[in-house]
Amino acid sequence: MTGTGPAGPVLIGVGVGPGDPELVTVKAVRVLSQADLVLVPVLADAGLAGAGVADAGLAGVGLAAAEPGRAEATVLAHVHHGRVRRVAFALTERAGRARREAAWDGAADEVAKAFAEGAATVAFATIGDPSVYSTFTYLAAGARDRVPGLTVRIVPGITAMQDLAARSGTVLCEGTESLALLPLTAGLPRFRAALEQFDTVVGYKSGRHLPEVLDVVRDMGRLAGAVHGASLGLPGEDIRPAAEVTGPAPYLSTLLVPARRTTRGGKL
């Protein structure tokens, strides 16, 4: 698939699900297998060996020593062509705006370089879905600025919200019920407002905010039936009633607060 061809360069954001390799779509596997280059994000702002290594990671040094992220591990469960390259991303809210933008620019530079070297298609693997709180949004914006005539496409993926609902046997919404999804890093007032205005509420990135978030759920009488999930589909998977959680959780955790239901089909 080398050479830009008549269609010009194509960048494809590929959703690979929340972590379980079996939840990757057939189309995603085909795109990842055929792409001239597959980029995978690596956490560059935490969990390495301190600030020095993280800064080096953003400069493109030391990425080989980083532990594989969820997206990379999922990709490597399906493709073995050797055209997978890591790019550093500052993936948590603690990284700061400047470091995040530096990571976005570095990844966009990698995309532009690949096309300049003759690639026709570059794929970027992202956990969940590329259209839902994904780093692909920022990568695509930077790549458009650098690559004339770039076509951007998306292959949807299963989200953590869907996976947690399925694994816990929780119905997300039925009948006329509303559904809200928001990052819990947005703050407790927005989360409380969502609980007041919507039937089912799902919060991403609960992490260190989880104890305070659960206090709000409890105060509003919505704790019964609420579910916490972390490391979905991975070793160490943690799915349990939110009422049983007592402390902070991993950054990429999900909280599902289902709608109040009293009768079957009561909200048709």
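The values are calculated or read from the model by the stated rules, or taken from the named source; none is laboratory data. In this text the structure is predicted, and so the values were computed from the model without any measurement. All Cβ positions, glycine included, derive from the backbone under ideal geometry; neighbour counts span all protein chains shown. Ligands, DNA and RNA are stripped out before the accessible areas are found, and what is left, the full protein with its side chains, is counted by its heavy atoms. Shrake-Rupley method; radii C 1.70, N 1.55, O 1.52, S 1.80 Å.
Of note:
- Note on the range 21-56: residues that are modelled with pLDDT of 95 or more, in a loop (DSSP other than H, G, I, E, B) and open to solvent by less than 10 Å² (accessible area, probe 1.4 Å) total 1.
- Residues (over 13 Å from residue 18 (Cα atoms), surrounded by fewer than 19 Cβ atoms within 10 Å (Cβ to Cβ) and among the hydrophobic types (A, V, I, L, M, F, W, C)) located in the range 224-240: 224, 239
- Every test in (1) outside any helix (DSSP H, G or I); (2) in contact with a Gly (Cβ under 9 Å, 6 or more places away or on another chain) is passed by residue 211 save one, and that test is (1).
- Scanning the range 108-137 for residues that are among the small types (Gly, Ala, Ser) and touching a Gly at 6+ places or on another chain (Cβ under 7 Å) returns 108, 118, 120, 128, 134.
- Residue pairs whose Cβ atoms lie under 8 Å apart, separated by 6 or more positions or on different chains, with the first residue in the range 114-139 and farther than 12 Å from residue 14 by Cβ and without any contact (Cβ under 8 Å) to a residue 60 or more places away in the chain and the second basic (Lys, Arg) and open to solvent by 10 Å² or more (accessible area, probe 1.4 Å), are 138/100.
- Residues that are assigned to a loop (DSSP other than H, G, I, E, B) and not β-branched (Val, Ile, Thr), drawn from the range 134-173: 134, 148, 149, 150, 156, 157, 169, 172, 173
- Looking only at the range 127-180, and only at residues there that are among the small types (Gly, Ala, Ser) and within 14 Å of the chain's Cα centre (by Cα), the one that is nearest to residue 26 (Cα to Cα): 157
- Residue count, the range 88-102 (criterion: farther than 23 Å from residue 253 by Cα and modelled with pLDDT of 85 or more): 2
- Taking the criterion of being surrounded by fewer than 16 Cβ atoms within 10 Å (Cβ to Cβ) and touching a Phe, Trp or Tyr at 6+ places or on another chain (Cβ under 8 Å), the only residue of the range 153-178 that qualifies is 178.
- Being out of contact with any strand residue (DSSP E or B) (no Cβ under 8 Å at 6 or more places or on another chain) and buried (at least 18 other Cβ atoms within 10 Å of the Cβ) holds for only one residue in 149, 106, 142, and it is 142.
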